[in-house]
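Below: one structure, written as structure tokens.
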Amino acid sequence: MRGTVPRIKVMQTVITPVKTEERTKLGIRPGDTVRVHQKIVEKGKTRTQVFEGLVLAVKHGTEAGATFTVRATMSGIGVERIFPLFAPFIEKIEIVRRSKVRRAKLYFIREKVAREVKRQLRNMRMMNVSTDDFAEKEVAEPIAETAPPIEAAPEADMSAEEAQAVEVAVEEAAPVAEEKAEAPAA
């Protein structure tokens with residue numbers, strides 16, 4: 001027994017209720033589409049809110065202060081949230097889809113989406129133009145008044161569903177404009 005050093009068993013204390021090993025193994029990267037389940041307390045009640053979107057940036061790797069930025073489209077408006085990776089209010093993080101990207105930060109998506117929305121609004125106005133000069137003046141003007149200006153277009157990721165909703169809205173607006181054109185001027 002001479003020369004042996006007594007070994008002390010070190011007790012690990014748990015500082016956070018978050019399972020840090022699971023979150024580091026996730027390996028969230030820019031380009032991933034993630035679904036973040038967040039615990040929200042309102043008036044004494046707890047509910048879970050889901051925020052799903054594209055990861056634009058991951059900062060500070062897997063250290064204690066690691067964060068990731070998620071961009072989602074809600075009601076046609078781009079919304080970005082920065083989540084701490086090891087926050088206790090995050091119940092669960094799911095990776096829905098992985099995309100191959102060639103950049104570490106995808107901030108250029110903001111401008112790219114704005115350009116696409118402007119282009120789609122321009123195309124939407126062009127669809128309402130008629131070949132008949134009389135019909136063009138009577139039908140196209142009321143629709144142009146109701147359409148938002150291109151400069152005020154919200155930043156949005158236009159998915160196929162949203163593009164279809166825009167087309168349906170344009171089709172519904174056309175009969176109303178025709179009725180206004182047919183009504184006698186007072």
Q. Using θ = phi - 60° and the Karplus form 6.51 cos²θ - 1.76 cosθ + 1.60, what ³J(HN,Hα) does each residue of the range 40-46 get, whole Hz, x for Gly and Pro?
A. 10, 9, 10, 6, x, 9, 10
(Q) Between Ile15 and Lys45, how high is the FRET efficiency from 1/(1 + (r/R0)^6) when r is the Cβ-Cβ distance and R₀ = 41 Å? Nearest 0.05. (A) 0.90
**Q.** Per-residue HN-Hα couplings for the range 112-117 [Karplus 6.51, -1.76, 1.60; θ = phi - 60°; Hz; x = Gly/Pro]
**A.** 4, 5, 4, 5, 5, 5
Q: Determine, for each peptide in 51-57, 117-123, the mean count of other beta carbons within 10 angstrom over its residues, then list the peptides with the highest first.
A: 51-57, 117-123
Q | Cβ-based exposure ranking for Ser75, Ser99, in which fewest neighbours within 10 Å come first | A | Ser75, Ser99
Q: Using the structure shown, list the pairs from Lys19/Lys39; Lys19/Lys43; Lys25/Lys92 with a Cα-Cα distance above 20 Å, or answer none.
A: Lys19/Lys43
**Q.** Ranking of Thr20, Thr46, Thr4 by count of other Cβ atoms within 10 Å, fewest first
**A.** Thr4, Thr46, Thr20
Q | Note, ³J(HN,Hα) from phi for the range 26-34, Karplus 6.51, -1.76, 1.60, rounded to Hz, x at Gly and Pro | A | 4, x, 5, 10, x, x, 6, 9, 10
Q) For the range 20-106, what does the alpha-carbon gyration tensor say about shape, rounded, prolate or oblate, given a ≥ b ≥ c as the root eigenvalues, a/c under 1.5 as rounded, and a/b over b/c as prolate? A) oblate
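Read the figures in this text as sums done on the coordinates, not as results from a lab. Just so it is clear, the model here is predicted, and its values are computed rather than measured. Positions of Cβ are backbone-derived with ideal geometry, glycine not excepted, and every protein chain shown enters the neighbour counts.
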